[in-house]
Amino acid sequence: MRSSVPLLALSSLATLFLACSATNDPPRQGGNGGSPNQGTGGGSTAGVPGSFGGGPVNPGAGGGPVNPGAGGGPVNPGAGGIAGPGAGGAPSPGAGGTPGAGAPMTGTGGAATACMPGDTTNLVNKDAWVCLGTTDLKLQGAWYGYGDGTTCMPEKNICATGKCCITGKTQDPDPAMDMKYPNWGCGLALELNSTGGDAPVKTAYTGPVKCFDIELTGSSGKNPVRIGFTQASVTTGKVSPFNEIPAFTDGWKGQMCFTDVDCPSWATAAQCEKPIGMPGTPHDLQIQVTAASATTASDFNVCVSKFTPVTTTDPGGTTNSCPTVTGNGTITDKFGSQHVTCSGKDYIVQNNVWGSGATQSITYGPGTKFKVTAQAGTGQNGAPASYPSIFVGAYDNRSTAGSGLPKAVSSIAKDTLATSWTWSDTGVTGSYNAAYDVWFSTSAAGDPTTSVPSGGYLMVWYHDPPDNQPIGMQLTANGTATIGGRNWTVWYGTNTGSGKPCVSYVAQQKVNSFSFKLGDFIRDAVGRGYVNDQWYLSTVFTGFEIWSGGVGLETKDFAIGD
């Protein structure tokens, strides 16, 4: 749900900063927040957290796959198949899952064959068995399907066609309205480190793989899809961390890393223990079509067509972006700012507490780094409390030297304006995003003395909190984009306070480090008609819109080219 929030009264101590927010922003430089979004699961409301039931990416507290031999797969025999996910298997909101009856899904048993290493660039194969335990990748295990017993009935070998597939139809997840969520969904999965055989032993994966490039084909209908990693061999009573991607009708492609999945806010620490930003103890990769509500109940047919292990992660903005740096210290003034340099280029770090009267402190440097060390404010009426950030360009009577801005949008081509940002929220609590905020002016002079761009805004969200969202609406037509090798949902709206348009690109999975070309986003926005080719790129910010909490949020490195 979205809230419409009136413009807050101006403070005599601050100039008006109207940013690309779903609220009519209060005074001063605020970033581009969003309005509260109650969501339908995994959010802070009752919603449908149990729609990932039977253990979100947790095959069923009522008897999850213990021997996922794909029903007694051709290589991983299974003693009569896999233990079924349970007729119940759906958590109550925040309980993580109540045990179901666990009626077993029987299989034919299968005959074991020799384990021979296969294709290391695509782990999908007709045998539903990955045999790379003796290779450098150290991956071994079976593909298997699981479900709530109603949504789908997976084939004994879900990969028999050469793709690993599930098909079915989601139902009202909580028809009795008793918060037991028996119809939580259907999934497919891959063990990462299993011995196989009649009595397989699964242990945490500790090999060199850090991520997987995933290609899904088909349609999830109106259902979101949750991708995650179980954290134990026995998942009864546990909730596994996951990352949710929006419903799709023509496939999905992206990368999921062990560090990208998080415990949902409704799970207790005892149910889900993976630290934010850490790899955890991954046992199985699971992809689950999740029943969200009675209104989204729909047919689905989802296949994994390609599944590639990745042993290195994009370094994004590491400290190598700044081999020489200047500037470090502490900022406690709510609108305080300081200049720093990265390889001789000038940047400004700002504290920027524009939506709260409470205190906030940041440490910064050396160079383009900062960390939130104290933050006591809470955003009001859906607006963020603050937007601690780093920027290049000019606004509000502050400017960076040698930025090359303003720059005519018409002169900005794809594959230009290289930038990178690495940030961390390890151990951080609260509600916050992590986002670029890009401003455009209508004249070549820019907007050096004002706190509102004369043209409009473009945002790139690395992290979207469950309870807040970008301004406007997610596009229903042409509502996704693949830029920089990642998938983004596209939102568009108008800031009712400034009257300026804002287009937002929201990562479909959380991104902590990413190098890309800003020109690619700008050209996409121009092509959609949301950024005018007659405008000028004037200022580029990156930082955190904080609605609450946020202590420990850290920009580890930021750089942007000319």
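The values are calculated or read from the model by the stated rules, or taken from the named source; none is laboratory data. Because the structure is a prediction, the values reported are computed rather than measured. Cβ atoms come from the backbone with ideal geometry, glycine included; neighbour counts cover every protein chain shown.
Here Ser451, Ser403, Ser441, Ser411 are screened, and the one residue that is without any contact (Cβ under 8 Å) to a residue 24 or more places away in the chain and over 29 Å from the mean Cα position of the chain (by Cα) is Ser411.
Restricted to region 370-427, the set of strands (runs of 3 or more DSSP E) holding at least 2 residues that are buried (at least 24 other Cβ atoms within 10 Å of the Cβ) and at pLDDT 95 or above comprises 370-375, 389-395.
Every residue, every condition in (1) more than 25 Å from Asn351 (Cβ to Cβ); (2) crowded, with 18+ Cβ neighbours inside 10 Å; (3) free of Cβ contacts under 8 Å to residues at least 12 places away in the same chain; (4) of a type outside the set (Lys, Arg), yes or no:
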{"residue": "Ala477", "(1), (2), (3), (4)": "yes, no, yes, yes"}
{"residue": "Ala481", "(1), (2), (3), (4)": "yes, yes, no, yes"}
{"residue": "Gly497", "(1), (2), (3), (4)": "no, yes, no, yes"}
{"residue": "Pro501", "(1), (2), (3), (4)": "yes, yes, no, yes"}
{"residue": "Ser504", "(1), (2), (3), (4)": "no, yes, no, yes"}
{"residue": "Asn512", "(1), (2), (3), (4)": "no, yes, no, yes"}
{"residue": "Phe516", "(1), (2), (3), (4)": "yes, yes, no, yes"}
{"residue": "Ser538", "(1), (2), (3), (4)": "no, yes, no, yes"}
{"residue": "Phe541", "(1), (2), (3), (4)": "no, yes, no, yes"}
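Within region 113-154, the residues that satisfy the criterion of being buried (at least 20 other Cβ atoms within 10 Å of the Cβ) and of a type in the set (Gly, Ala, Ser) are Ala128, Gly141, Ala142, Gly145, Gly147, Gly149. For Asn122, the conditions (1) modelled with pLDDT under 50; (2) within 22 Å of Leu216 (Cα to Cα) are fulfilled apart from (1). When restricted to residues that are among the small types (Gly, Ala, Ser) and assigned to a loop (DSSP other than H, G, I, E, B), region 428-447 contains 4. The set of residues from region 337-352 being free of Cβ contacts under 8 Å to residues at least 60 places away in the same chain and surrounded by 17 or more Cβ atoms within 10 Å (Cβ to Cβ) comprises Gln338, Val340, Thr341, Ile348, Val349, Asn351.
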